[in-house]
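Enquirer: To start, I am sharing the structure in question, which I have written as structure tokens.
The values are calculated or read from the model by the stated rules, or taken from the named source; none is laboratory data. Please read all numbers here as calculations on a predicted model, not as lab measurements. Methodologically, a virtual Cβ is constructed for each residue, glycine included, from the backbone with ideal geometry; neighbour enumeration extends over all protein chains shown.
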Amino acid sequence: MHPSSSTGDTTPSLIIIGHGMAAQKLLEQLVALSPDRQLPWAVTVIGEEPHLPYNRIQLSPLLAGETQADDLISQQADWFSLHGITRISGDPACQIDRAARCVETASGRRIPYQRLVIATGSRPALPLPLPAHLPQALDANDWPPGLMGFRDLRDVEQMQAACRTGAGHDGNALVIGGGLLGLEAAEGLRKGGLEVTLLQRSERLMNRQLDDVAAGLLEQELSERGLEIITDAHLEQWLETPAGRITGVRLKDGRELHAGLTIASTGIRPEITLARAAGLACQRAVQVDGHLLSSDPHIHALGECCEVEGETFGLIEPIWAQIEVLARHLLEQATPPYRNAPLATRLKVSGIDLYSCGELMPHPTDEVLVYQDHALGDYRRLLLRDERLVGVVLYGDVSAGNALFEALKAGTPLTAIRNDLLLMPAQALAQLDETPSGPPNDPGGRATHQNTASQHPDRDTTPDTFEEAA
């Protein structure tokens, strides 16, 4: 992408809509890859929030009082000035004019572009439609009082205020959603002094990542800390005051759960309002190719608001891989296209380490290896199919996670270490790596990772996403 001579050097050549973690990482990668760390064209980034960019992953520790808001800031204002980047905050983009190739902001500014990157992220999803007489808000910031999401600094500030006031002197909070964000929100509110009830639609917590045993251990630990957890909880109706304030929910079994504050953490939906209004091809998100290019040759999309080959994203690792591809593509540097790949997820839920990759539910013919140390609180479950690893769940001690994931990706035959794999997985896999490979046709030799994987191109090792289950 080259600067436009017709618009002059001061006219932005690249606009990024959205200034979350993906957009900021893209800016940093563009700088890092540019000669002398000087961008070859002007850049404008347009953010909805009136803040410097910050690390959303640290919102949970912030809510729990384990860090300060200033510690979340990714870059200070002088960084943008140093690299010639114009930062617009608190004035969100409201229209993309593809014909004129410009973006209009809420204040009426019209900014031309040669290339546009849409990095608008996602919004929290509602577990139930709002009552018909209330405005059907698309943005969580417009949800009725008493109901909120857990996605940004504003949410944390409101939750901290609720803790200081005892959630309007009620002292109770309700969290809907037993995935990672829901659990972190519940723990943060509990540490803030509220009585917290957590609702999970599934029969177990983190049902997309954990099996029954690991989920049971997690529920037991969190319950002992003081959370009230209700699984298999199916919502029927919001409870509200005559003034329209949400005060809890009624379940389908007739129970009514009242709370001064209700947090909805039941997944995300890609924020594609601008993209769809501009006529870009969208399904669940903005459809892009391997170079993150949309149906318009001048517009890219990145992160949670895009989809590649029908897959959407909510984890850091694939989005960081997309950023590497897009930065090089924009700088006209050679780069292979982005491809969806297997992912492993290591998480810390309120100080409890978890690791999950591959398939969660075993096939009837799979071998299920289980180890549990009740004294240490450790648990691991390995799924083997044809002597190859296809699924891993670790709770507590997750130190072998990366080694197991590499074996899973490669489709490595594990017959030689079958007896040691469960008790000492990392050591057993290391021993396997030290075993000399036999000749190509030697049935006793160990196939290389590359060859073994190519023998099983249809093996699906893509893990479940970590969007919160309702």
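Enquirer: Condition test on Ala100, is it buried (at least 18 other Cβ atoms within 10 Å of the Cβ) and either hydroxyl-bearing (Ser, Thr, Tyr) or under 24 Å from Pro297 (Cβ atoms) (or both)?
Expert: Details: buried (at least 18 other Cβ atoms within 10 Å of the Cβ): no; either hydroxyl-bearing (Ser, Thr, Tyr) or under 24 Å from Pro297 (Cβ atoms) (or both): yes.
The answer is no for Ala100.
Enquirer: Of all residues in segment 309-323, which are in contact with a Phe, Trp or Tyr (Cβ under 9 Å, 6 or more places away or on another chain) and part of a loop (DSSP other than H, G, I, E, B)? Walk me through how you get there before you give the answer.
Expert: Residues of segment 309-323 that are in contact with a Phe, Trp or Tyr (Cβ under 9 Å, 6 or more places away or on another chain), as a first pass: 314-315, 318-319, 321-322.
Within segment 309-323, Gly314, Leu315 meet the criteria.
Enquirer: Of the residues that sit in segment 324-360 and are under 18 Å from Leu217 (Cα atoms) and assigned to a loop (DSSP other than H, G, I, E, B), which one is modelled with the lowest pLDDT? Step through it out loud before you land on a result.
Expert: Filtering segment 324-360 down to residues under 18 Å from Leu217 (Cα atoms) leaves 346-356, 360.
Subset that is assigned to a loop (DSSP other than H, G, I, E, B): 350-351, 360.
Values: Ser350: 76, Gly351: 81, Leu360: 94.
Ranking the candidates gives Ser350 first.
Enquirer: Asn55 versus (1) farther than 26 Å from Val288 by Cβ; (2) surrounded by fewer than 17 Cβ atoms within 10 Å (Cβ to Cβ): which is the lone unmet condition?
Expert: With respect to (1) farther than 26 Å from Val288 by Cβ; (2) surrounded by fewer than 17 Cβ atoms within 10 Å (Cβ to Cβ), Asn55 is out only on (1).
One line per residue, one yes/no per condition, for (1) free of Cβ contacts under 8 Å to residues at least 24 places away in the same chain; (2) surrounded by fewer than 18 Cβ atoms within 10 Å (Cβ to Cβ); (3) over 24 Å from Ser60 (Cβ atoms):
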| site | (1), (2), (3) |
| --- | --- |
| Thr312 | no, no, no |
| Glu324 | no, yes, yes |
| Ala327 | no, no, yes |
| Leu330 | no, no, yes |
| Gly351 | yes, yes, no |
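Enquirer: Hey, could you check segment 104-122 for residues that are out of contact with any helix residue (DSSP H, G or I) (no Cβ under 6 Å at 6 or more places or on another chain) and crowded, with 20+ Cβ neighbours inside 10 Å and say which is farthest from Ile316 (Cα to Cα)?
Expert: Going residue by residue through segment 104-122, those that are out of contact with any helix residue (DSSP H, G or I) (no Cβ under 6 Å at 6 or more places or on another chain) are 104-117.
Pick out the ones that are also crowded, with 20+ Cβ neighbours inside 10 Å and you get 113, 115-117.
Values: Tyr113: 27, Arg115: 24, Leu116: 22, Val117: 18 Å.
Among them, the one singled out is Tyr113.
Enquirer: Condition test on Thr335, is it crowded, with 20+ Cβ neighbours inside 10 Å and within 29 Å of Val117 (Cβ to Cβ)?
Expert: Values: crowded, with 20+ Cβ neighbours inside 10 Å: no; within 29 Å of Val117 (Cβ to Cβ): yes.
Answer is no for this residue.
Enquirer: Something else about it: Are there any pairs with C-beta distances below 6 angstrom linking a residue in segment 215-243 that is more than 25 Å from Gly351 (Cβ to Cβ) to a residue that is at pLDDT 95 or above and assigned to a loop (DSSP other than H, G, I, E, B), with the two at least 6 apart or on different chains, and if so which?
Expert: Asp232/Glu203; His234/Lys252; Glu236/Lys252
Enquirer: Right, another one. Does Glu309 count as in contact with a Ser or Thr (Cβ under 9 Å, 6 or more places away or on another chain) and either at pLDDT 95 or above or of a type outside the set (Gly, Ala, Ser) (or both)? Spell out the reasoning first.
Expert: Values: in contact with a Ser or Thr (Cβ under 9 Å, 6 or more places away or on another chain): no; either at pLDDT 95 or above or of a type outside the set (Gly, Ala, Ser) (or both): yes.
No: the conditions fail for Glu309.
Enquirer: Looking at segment 150-185 only, could you name the residues that are of a type outside the set (A, V, I, L, M) and under 19 Å from the mean Cα position of the chain (by Cα)?
Expert: Narrowing segment 150-185 to residues of a type outside the set (A, V, I, L, M): 150-152, 154-155, 157-158, 160, 163-166, 168-172, 177-179, 182, 184.
Residues satisfying the conditions are Phe150, Arg151, Asp152, Arg154, Asp155, Gly177, Gly178, Gly179, Gly182, Glu184.
Enquirer: A further question on this structure: Could you look through segment 244-283, keep only residues that are aliphatic (A, V, I, L, M) and in a loop (DSSP other than H, G, I, E, B), and pick out the one that is surrounded by the fewest Cβ atoms within 10 Å (Cβ to Cβ)?
Expert: Taking segment 244-283 as the starting set, the residues that turn out to be aliphatic (A, V, I, L, M) are 246, 249, 251, 257, 259, 261, 263-264, 268, 272, 274-275, 277-278, 280-281.
Okay, now just the ones that are also in a loop (DSSP other than H, G, I, E, B), so 259, 272, 278, 280-281.
On the way: Ala259: 25, Ile272: 25, Ala278: 22, Leu280: 20, Ala281: 12.
Ranking the qualifying residues of segment 244-283, first place goes to Ala281.
Enquirer: Just name the residue that is nearest to Asp36 (Cα to Cα) out of those in segment 66-96 that are free of Cβ contacts under 8 Å to residues at least 24 places away in the same chain and more than 28 Å from the chain's Cα centre (by Cα).
Expert: Checked segment 66-96; the qualifying residue nearest to Asp36 (Cα to Cα) is Leu82.
Enquirer: Another one. Pairs please, first residue from segment 147-160 and assigned by TED's automatic domain parsing to the domain that holds Gly65 and at negative phi, second anywhere and surrounded by fewer than 21 Cβ atoms within 10 Å (Cβ to Cβ) and part of a loop (DSSP other than H, G, I, E, B), Cβ atoms under 7 Å, 6+ apart in sequence or on different chains.
Expert: Listed by first residue and then by second, the contacts come to nothing, as the list is empty.
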